[in-house]
Amino acid sequence: MKQFETDSTDPDMPAPIRGASAASLRAEALGWLRRLQSGKATTDDLAALDRWRAISPAHASEFAEASLLWTVLHDAAQQAERAPAAAPATATVLRSNFRPSRRGVLIGGAALAASAAGVAVVRPPLDLWPSAMELAADYRTGTGEQRQLDLHDRVAIELNTRTSLDVRSPRDGNVQLELLAGEAAIASRPGHAADITVVAGSGRVMSRDASFIIRKTGSNVRVNCIDGRVDVTCHDKSFALASGQQVKYDEDGNGDVAPVDSELVTAWQRGLLMFRRAPLAEVIDEVNRYRAGRVVLLDPALARRQVVANFRLDRIDDVIDFISKAMDLRVRSLPGGVVLVG
């Protein structure tokens, strides 16, 4: 089957594929959308997109669904942004001027590109795809994926879903890492002390004979000490964490030490998500890290509804039934894994 032609030196262009799975087709379709809304699309790009869509009905269908997904999320974002300023925060929403018309979705590349002209988005909308920095990481996990790394005989590292990690210099007893995004469990192996340094955002985490979990979401970082002692520095502040303590900091260095339930923090390592009186908005944000598509909370008044529940990561869509049946909330499922709540 003839594939479309593209400039292999351009990292923004989707790569051609053969015998593509639904997941890889969807990734390519989102890649085309990213290219079209970047402000760099050319007439040659539009012609290449038309050829890509013509490869098979599946290609055309995936592009139409991806475009519709973008439109639906933008509509949901507009509803959320029209909410009163005093309303509680809901799940992250799209903030972009890019809005392809439904006619553009049906017609395809030309109308969509016209609606996207001149728009530049620094961060991917709703994290529909990783940032360029995350994609370039030494190690990365996709949505719902977890991975054990074998980098050093003295250190055990486990990456949670959607995590990007750079390795600076794993040598001798000194391991230096940078967490670009996501969550990682890091520990000295039993009987083997190792000096570990992890840079995350504006801070630095250091340990020698300890285990800890570090998570970075945007510029916000959370460090949980599971065992031993962990030292955290951020700007001119220093924190010493003992087992069962955590600290959160942002790009300005704001942070305080607080107790934490290690069972909840480490639940993902056992294949679980555990919530104990967590706000619904927080639950939805967390679940979105593990499933394809997006759960969107439309009604800000529901954001603070408290949730007590456990979910298995290998059955993450059970959360949709829970919201619908146990919480008695309206749920609407749309193409592309989009679920509207409220």
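Summing Lys and Arg as +1 and Asp and Glu as -1 over all other residues whose Cβ lies under 13 Å from the Cβ of ALA156 gives a net charge of -2. Computed from the Cβ-Cβ distance with R0 of 35 Å, the FRET efficiency linking ASN220 to ASN174 stands at 0.80. Averaging Cα coordinates gives a centre for the stretch 250-280 and one for the stretch 314-342; these two points are 23 Å apart.
Sorting 184-193, 257-266 by their mean Cβ neighbour count within 10 Å, with the most densely packed peptide first, gives 184-193, 257-266.
Segment LEU264..ARG330, full-extension length gain: 21.0 nm, with 0.36 nm per residue of separation and the alpha-carbon distance subtracted.
Calculated FRET efficiency, SER61 to VAL257, Cβ-Cβ distance, R0 = 45 Å: about 0.30 to the nearest 0.05. With a Förster radius of 41 Å applied to the C-beta separation of ASN310 and ALA22, the computed FRET efficiency comes to 0.90.
Both the radius of gyration and Dmax for the stretch 270-342 are 11.2, 33 Å, in that order, over alpha-carbon atoms. Treating each Cα of the stretch 172-329 as an identical point scatterer and summing with the Debye formula, the log10 of I(q)/I(0) at q = 0.13 Å⁻¹ comes to -0.68.
Where a number appears in this text, it was derived from the coordinates with a stated rule and is not lab data. This one's a predicted model, so the numbers in the text were calculated from it and none came from an experiment. Reconstructed Cβ throughout: ideal geometry from the backbone, glycine too, with neighbour counts over all protein chains shown.
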